[in-house]
Amino acid sequence: MVIMGLVPGLGTIQAEEHDHRGGQDDHDGHTLPTHAGDDNLQNDVPSEEHQRAFGAKHSAAHGGQIMPTEAGGYNPKRIGHSDHRRPFFIIGHMVNSIEEVDEFLARGSNALEADIEFAKDGTVLGTYHGTPCDCFRGCFQREKMADFLSHVRDVSSLPHSKYKGKMLLLFLDLKTTQLPDDVKVKAGVTLAQNLMDHLWKGVAHQDRINVLMSIGYARDRDVIRGAVAYLKQKGDPRVLEKLGFDVGMNDPLSLISRMYRRIGIREHRWQGDGLTNCMRFIMPVDRLLKAIRWRDTDRGYMDKVYHWTIDLPYFIAKSIR
C-alpha cells in the first residue's frame, strides 16, 4: 500500500508495498504483462527503485523482495524471500510551481504530485489546484505546462541534473471531470504531446521520469485513451513503460476494473482511496482494505494501492500498520 499525506513543511509521505503473491492474473483471469526489465533488475537505470516504480505484480521468484542498497536503490538479491519490507516514497503534494519543485526536491522528496488543468476545449494548460483546497495549504500557484515539465526534466533527467536519479515519479492529478465528453480524447492527446516535447524529449530512455496519469472517475477514460493512442502512433512507444494509470475519486472498484478491460490497459494500474486532509478522519477504510485484498489475490487488477491524504504522524503510522 502507498500512503499519501502532507507533511507540514515537506510534502507527502508514501509507503509503497510490492505484491508478493504467486499469481499474475486479474480477476478475469487475464495475464498481466511484466514491466520491461522486471525479470532482470540489473538493467542500466539510475537505481533499482527507479526501475521498479511501475513494476507489475511479482511473485517471490521474480525478486519481489527489496531492501535499500548503499546507493539508495533497492537490491532484491540481498535478502530472502520471507522478507516483506517495502520502500518509502516521499512525495511532494500539490507541487504546482517551479519554486515548489525545487523546494520539495531539496527537502528530500523523491516524487512530486501536481494538479493539471485543461481549457474547455480539452487543451492542457498547466498546473493549478484552486478551490476547494486542502487545509493549511496554498492552492493558487500555477505554471504553464511546458515550463513546468521542462523544469522537472532539467533538474531530474539530464546528465548533469542536480537531482538525477533521485526523482522517481511525477504524479499528475488530471482535472478533466468537468470537461465535455467529446474533448476528453483531445485532453489526453495534448497531455501526451507535452510529456513527449517537454519532459521526455532529449532524455535517455532509462533516465526518463515515470509519470502517473490520475483521472478522476472511470467516465474520464477517454483521457487515457487519447494519451496512449498518441504515444503509440506519434510518440516513442517505449515511453509506455514509463506511464502508469489511476482513477482517484473513489469509484466502485468493479467499475474501475471494467474500465481498464474496456480500454485495454493491462499493467501499471494504481488504485487510490481517501479524501482531502480536512475530512480524512471521517473517511472509512473499507474500500481501501478491499483494494488491498484484491491486489493480494488473483481477483485484483491493481498493481499498487495508495491511501490519501494522511498528514498527521499518528494517522501515517496507523495507515502503514
Environment charge of LYS234, counting only residues whose C-beta is closer than 15 Å and scoring Lys/Arg +1, Asp/Glu -1: +3
task: Take SER257, SER156 and order them by how many other Cβ atoms sit within 10 Å, fewest up front.
output: SER257, SER156
- prompt: Once amide H atoms are placed 1.01 Å from N in the peptide plane, what residues at a sequence separation of 5 or more from PHE171, or on another chain, have their amide H within under 5 Å of its amide H?
  reply: LEU112, GLU113, ALA114, LEU212
- line: Out of ILE282, TYR306, TYR260 - ranked by how far each Cα lies towards the positive end of the dipole of the stretch 240-321, with unit charges on the beta-carbon of charged residues - the top one is TYR260
query: For LYS164 and ARG219, FRET efficiency with R0 = 35 Å and r from the beta-carbon atoms, rounded to 0.05?
result: 0.35
In Hz, Karplus ³J(HN,Hα) per residue of the stretch 122-128 (6.51, -1.76, 1.60; θ = phi - 60°; x = Gly, Pro): x, 6, 5, 9, x, 8, 4
field: Calculated FRET efficiency for the pair ARG107/ARG142, C-beta based, R₀ 25 Å, to 0.05
entry: 0.70
field: Fewest-first ranking of VAL155, VAL101, using other Cβ atoms within 10 Å as the exposure measure
entry: VAL155, VAL101
- request: Would you tally the net charge around ASP154, using a Cβ to Cβ cut-off of less than 13 Å, leaving ASP154 out, and scoring K and R as +1, D and E as -1?
  value: +1
field: VAL183, VAL223, VAL124 arranged by Cβ crowding within 10 Å, fewest neighbours leading
entry: VAL183, VAL124, VAL223
- request: Just add up the charged neighbours of THR123: K/R +1, D/E -1, any other residue whose Cβ is under 11 Å from the Cβ of THR123.
  value: 0
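Any read-out appearing in this document is the output of simple, stated calculations on the displayed coordinates, not a laboratory observation. The structure displayed is predicted, hence computed values, not measured ones. Cβ: placed from backbone, ideal geometry, glycine included. Neighbour counts: every protein chain shown.
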